[in-house]
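See structure below.
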Amino acid sequence: MVDYLFGILSGQELTTEPALFGVLVVYIVSTLLGAGIWYWSKRYVESNPLASKYLRLMGGTFFWLGIASLLVAGCFYQGVIFNRRAWLYFMLLLIYATIAYSLYFYFTKYQEMYRMQVEAERRRKRYVPTSTSLRGPERNKPVRQVSRRGRARK
């Protein structure tokens with residue numbers, strides 16, 4: 001097991017060995033997914049700032065972990081410290097740990113934070129004047145009622 005994880009690995013084994021090819025696919029998908037989430041988080045800046053903040057954080061984390069993982073996978077030269085399988089599996093473990101923490105955060109803390117954000121928004125809107133209260137003095141003029149025959153009543 002130790003020899004498998006810390007034995008020297010050639011660059012060709014990265015694409016020919018199915019397990020390592022799967023790891024490489026996970027790195028590429030995590031990079032693309034992170035970039036997509038990072039870009040997508042800009043849509044929520046106005047409507048849901050809390051979601052925007054945490055999606056931007058999660059997307060950036062996935063993107064940079066994917067880039068770092070691809071750099072580690074790209075360092076498969078003879079004599080380089082990163083040409084061991086252990087580094088590939090360590091980077092894969094970091095990606096899975098980020099996914100697990102994101103799910104943990106969403107199901108435990110995010111729901112409460114979102115509820116508090118909605119409550120704060122509701123409290124803030126309660127004290128903001130509405131457009132009908134800003135009309136001015138013409139709002140206070142008496143309204144003339146028209147009778148059924150078309151004549152104005154006083």
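Binning at 5 Å from 0, report for the range 1-129 what percent of all alpha-carbon pair distances ends up in each bin. Bins of 5 Å from zero give 2, 10, 16, 17, 13, 11, 9, 7, 6, 4, 3, 2, 1, 1, 0 percent of pairs.
Sequence-ordered 3J(HN,Hα) estimates for the range 118-127 from the Karplus curve with 6.51, -1.76 and 1.60 and θ = phi - 60° stand at 5, 5, 5, 5, 5, 5, 5, 6, 5, 9 Hz, glycine and proline given as x. Annotation note: chymotrypsin sites (Phe, Trp or Tyr not before Pro) in the range 72-127 located in DSSP loop regions with a Cβ neighbour count of at most 10 within 10 Å are 77, 127. Using every pair of separate Cα atoms, the Kirkwood estimate puts the hydrodynamic radius of the range 58-104 at 11.2 angstrom.
A short reminder: the numbers here are calculations on the coordinates, not readings from a lab. This structure is a prediction, so every number in the text was calculated from the model and none was measured. Because the Cβ atoms are built from the backbone with ideal geometry, glycine has one as well, and the counts that use them run over all protein chains shown.
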